[in-house]
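For reference, the structure discussed in these notes is given below.
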Amino acid sequence: MRIHIQNAPNDPDFAVTEAMFPPGHTLSFADDEAGFIAGVAEAEALITTSNALRLYCRLLGPKLKLIFCTSAGLEKLAPYDWLPNGVMLLNNSGVHGPRVAEYAAMALLMLAGKMPQMIAAQHAQRWEKHYASVLAGRHLAVIGTGDLGAASAKAARLFAMRTTGIRKSAEPHPDFDATVTVAHLDAVLPTAEFLLLAAPLTAETEAMLTRARMELLPKGAFVINVGRGALLDQDALCDLLDTGHLGGAVLDVFVPEPIPPGHRLWTTRNLVITPHVAADDPKTYARDSVVLFFENLAAWQAGKPMPNVFDTARGY
């Protein structure tokens, strides 16, 4: 198969390289527009970043059959009217789980251990004791039970936490003690001392965690977001952290990104900020994405469903 790989410019840590491919394929590589045009002219498959695809999606070649995007969330590519008929769009959902599991464990331990409060005291040069309780038996609710949410629930179970998954259907999930539909979210929130957001950003999930819903959380509850910044009311979250209704938060995603200087997020009480790095491991990300591409390619060539086909109507 003739495959074109479009890497991001000046991002060698996440570049897809020739050494990651098995023999038997014709490969081309580029990181600019001229290289993209030349590469896709004859390509049957395209492996690319979502940013590159957004820039060059109107320049796709006539022989293309598969587009594999090295991102899980592809909402920045909507609307999908640029996608040619008969060309299948795939994401790399499944690559992020191991890294997110460790990030979720870190966030849970930081919040339970009152680390945001102790870091603030350190910066203020105050000897201020904050006592913490273990995680065992405490309740974690996770919005979204896909790759990120399931990995986070697995991490929580290592600490004997009780886990509830919120998803479109109430079908049981092996990584959660209980699952409920989104319609029952408001009933779950009052008992959720920890709430983790891991849903894709769609019309249904955008701003789903409103101020009113955050106020349903018990006083002192904690919020973690590894999904998308627009899943929650960001100003309301800051207000509830500043007033003390929420005990702390660890956020990896924001609106906007990057956070501009002077934004209130930088000074919000008991908030830990990470710059959209929770799911990305430079040692494994590109390699595992290529492995996933070939798993999908093998399924397609065998006439079987490809596990990573992106449903443009659902948005994930």
Positive-end residue of L89, A313, G244, charge dipole of the chain with Cβ unit charges: G244
Sequence-separation-based contact order of the range 97-273, relative, with Cα cut under 8 Å and 6+ spacing, percent: 18 percent
Reach of K168 by Cα under 20 Å, taken over aspartates and glutamates that are not fewer than 8 positions away in the same chain: E75, D147, D177, D186, E204, E206, D311
Of the DSSP H helices in the chain, those whose Cα atoms cover at least 30 Å axially and whose Kyte score averages -0.5 or more: none
Local electrostatic count at P275 - Lys and Arg +1, Asp and Glu -1, tallied over other residues with Cβ under 13 Å: -3
Taking the chain and dividing mean pair separation by its residue count, relative contact order in percent (alpha carbons under 8 Å, at least six apart): 15 percent
Whole-Å distance, taken between Cα centres, linking the range 118-141 and the range 272-316: 36 Å
Calculated FRET value between E206 and T267, using beta carbons and R₀ = 35 Å, to 0.05: 0.85
Paramagnetic reach from E171 (point 7 Å along Cα→Cβ, amide N under 20 Å) across the range 295-316: 304-316
Radius 12 Å from Cβ of R167, net charge of other residues (Lys, Arg +1; Asp, Glu -1): -2
Computed magnitude of the charge dipole of the chain (debye, nearest 20; Cβ of K, R +1, Cβ of D, E -1): 640 debye
Assigned charges on the beta-carbon of Lys, Arg, Asp, Glu; the range 97-273 dipole about Cα centre (debye): 480 debye
Signed unit charges on C-beta, dipole axis of the range 268-316, positive-most listed residue G303, V291, P275: P275
Computed lengthening from C57 to A34, 0.36 nm per intervening residue step minus Cα-Cα distance: 6.9 nm
Cross-link reach list, lysines versus K65, counting only Cα pairs under 30 Å and skipping chain neighbours closer than eight places: K76, K283, K304
Given charges at beta-carbon only (K, R positive; D, E negative), |dipole| of the range 228-316 in Debye: 220 debye
Whole-number percent relative contact order across the range 1-126, with pairs defined as alpha carbons under 8 Å at least 6 apart: 20 percent
Ascending count of other beta-carbon atoms within 10 Å, so fewest first, for V309, V142, V290: V309, V290, V142
R0 of 25 Å, Cβ-Cβ distance T191-V309: FRET efficiency to nearest 0.05: 0.10
Cα-projected label distance for A120 with D13, points at 7 Å along beta-carbon direction, nm: 2.9 nm
Sites F159 and E42, calculated FRET efficiency, Cβ-Cβ separation with R0 41 Å, nearest 0.05: 0.20
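Every read-out reported here was derived from the displayed coordinates using simple, explicitly stated rules and does not represent laboratory data. Since we're looking at a predicted model, the values are computed, not measured. All Cβ positions, glycine included, derive from the backbone under ideal geometry; neighbour counts span all protein chains shown.
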